Amino acid sequence: MSRILIVENEDTPRQALKDLLERQAYRVATAASLDAAQALAPQTFDLVVCDLRLVGEDGTQMLALSAPTPVLVMTDHASLRKAVVALKEGAVDCIAKPVDDDDVLATVSRVLSRPAPKESDTPSGVPRGMIGECVAMQRVYERIRKTAPADVTVLVQGESGTGKELVARALHRQSRRTKAPLICVNCAAIPETLIESELFGHEKGAFTGANSARTGLVEAADGGTLFLDEIGELPLDAQARLLRVLQEGEIRRIGSVETRYVDVRLIAATHRDLHSLSRSGGFRLDLYYRLNVMQIDLPPLRERDDDILSIAQVLLERACTRHARPGLRLSRAARRDILGYAWPGNVRELENALERGVILAEGHLIHPDDLGLPLERRQEPLPASSEPSEATEENDALDDDLSLEDYFQHFVLEHQAQMSETELAQKLGISRKCLWERRQRLGIPRKKNARRLD
């Protein structure tokens, strides 16, 4: 029978839903937080049912944590907008709270009866969570598609913030190990004195503070995928142990004489040139050759002009959801600055700038000052023909982000005292007859003292 995970931080509804599903012979596990759910390996369940309004947490994060397991979200009226975002990001359906038993059972049955989706992630073949259609990214998607089923070691190279972990998750989802754990480790974030214990585990008493035996992350990934980010920061002693894992599938906990065997697929990532690092003695050359069976190179954001605004829009929607500021848009000037900036921090820096903009914006538009980008630009100033006109700059607070009718109404009310009907029509790019018809439809009377040149 299907296994279902319920993620709900309120005890009463969580238990009621568990009892309801168990009466239908489903095998049900529960979690009160995202961390508790992640510890249960949600990707190994057949379905995850998650409340979007978890206290202090964003329930939409469950979509990434559970992939490729389908996620059914629950929401009340107050978080309906968040439910729309969740559905766009891949949730299979939405249940309104308070839940109706018959509705829940019918929806769960319908979702579980669907055929499993192909692991290409999206109809276009773009891995889930990744954005972009430029030529460089198409090459990345193609390499992921071909490499994932091969079950070989992969080295992902790219600058910080380009999305190396997204590539690792896509490789795992599209591999035969998709139902097994994906363990992600940032080697730069663990102190050098602890990295071997974290990766390979230790026995009780192996060193000061080792009060109990501990399973290492390599062993925890047995049967699945181990993603080592910033592997260039791994100390040489740990590199030697990792080489043994790749060559023989053997690990030995610190303080133990017992050899254990693991079946782990390794995906490594770095922003450094490991081959050059090996020549200076900072990285083992034999480990580099073991890692570099397949290589995937991620392009920096500055080389993805065609994708920048698409990425910005997705990141902006997520930031608006997190900060409960729906409807915020980028002004024309802000979009121009986003396209012109060099983005040394890549997608991560873009995400931070947009989050800053969402927090600081006072109206419905985010302006350049809200983004807080440095003054340096990588591109030459736009040619004169491309610069906004005086009238455009004057109305930048409206921009093309408002509806055409909003723009029309604001422009007419703002300028009809200084312009004739003919001038208004010319500025708006419409005929006088069309101007009159829109006035009638929107209920905008002509100003009696309007200047007449007709």
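The values are calculated or read from the model by the stated rules, or taken from the named source; none is laboratory data. Everything quoted here is computed from the prediction, not taken from an experiment. Because the Cβ atoms are built from the backbone with ideal geometry, glycine has one as well, and the counts that use them run over all protein chains shown. When the accessible area is computed, the model is the full protein with side chains, heavy atoms only, and any ligands, DNA or RNA have been set aside. Shrake-Rupley method; radii C 1.70, N 1.55, O 1.52, S 1.80 Å.
At-a-glance table
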read-out	value
Filtered residues of the range 295-322 (kept if of a type in the set (K, R) and either crowded, with 21+ Cβ neighbours inside 10 Å or modelled with pLDDT of 90 or more (or both))	R302, R304
Condition met for A269 (in contact with a strand residue (DSSP E or B) (Cβ under 9 Å, 6 or more places away or on another chain) and of a type outside the set (D, E, K, R))	yes
Meets criteria (of a type outside the set (K, R), in a loop (DSSP other than H, G, I, E, B), in contact (Cβ under 8 Å) with a residue 12 or more places away in the chain and open to solvent by less than 60 Å² (accessible area, probe 1.4 Å)) for G327	yes
Residue that is surrounded by the fewest Cβ atoms within 10 Å (Cβ to Cβ) [pool: residues in the range 179-204 that are in a strand (DSSP E or B) and within 21 Å of the chain's Cα centre (by Cα)]	N186
Some residue of the range 269-281 being surrounded by 15 or more Cβ atoms within 10 Å (Cβ to Cβ), under 19 Å from the mean Cα position of the chain (by Cα) and either touching a residue at least 12 places away in the same chain (Cβ under 8 Å) or in a loop (DSSP other than H, G, I, E, B) (or both)	yes
Single residue of the range 146-164 satisfying the filter (assigned to a helix (DSSP H, G or I) and touching a strand residue (DSSP E or B) at 6+ places or on another chain (Cβ under 6 Å)) that is farthest from A136 (Cα to Cα)	T147
Residue within the range 124-133 that is more than 17 Å from the chain's Cα centre (by Cα) and surrounded by 14 or more Cβ atoms within 10 Å (Cβ to Cβ) present	no
Residue match in the range 41-56 (condition: in contact (Cβ under 8 Å) with a residue 40 or more places away in the chain, over 26 Å from A180 (Cα atoms), surrounded by fewer than 18 Cβ atoms within 10 Å (Cβ to Cβ) and in contact with an Asp or Glu (Cβ under 9 Å, 6 or more places away or on another chain))	yes
Filtered residue count, the range 166-222, keeping only those that are closer than 30 Å to I144 by Cβ and not hydroxyl-bearing (S, T, Y)	34
Filter pass, A213 being under 25 Å from D263 (Cα atoms) and modelled with pLDDT of 90 or more	no
Single condition S256 does not satisfy, out of (1) closer than 19 Å to V218 by Cα; (2) at pLDDT below 90; (3) open to solvent by 70 Å² or more (accessible area, probe 1.4 Å)	(3)
Boolean, L266 is of a type outside the set (F, W, Y), open to solvent by less than 60 Å² (accessible area, probe 1.4 Å), at pLDDT 90 or above and within 30 Å of K204 (Cα to Cα)	yes
Test for R290: is it out of contact with any strand residue (DSSP E or B) (no Cβ under 6 Å at 6 or more places or on another chain) and within 24 Å of T225 (Cα to Cα)	yes
Of residues in the range 9-35 being charged (D, E, K, R) and within 16 Å of D101 (Cα to Cα), the one most open to solvent (accessible area, probe 1.4 Å)	R23
Residues within the range 205-237 that are in contact (Cβ under 8 Å) with a residue 40 or more places away in the chain and part of a loop (DSSP other than H, G, I, E, B), tallied	12
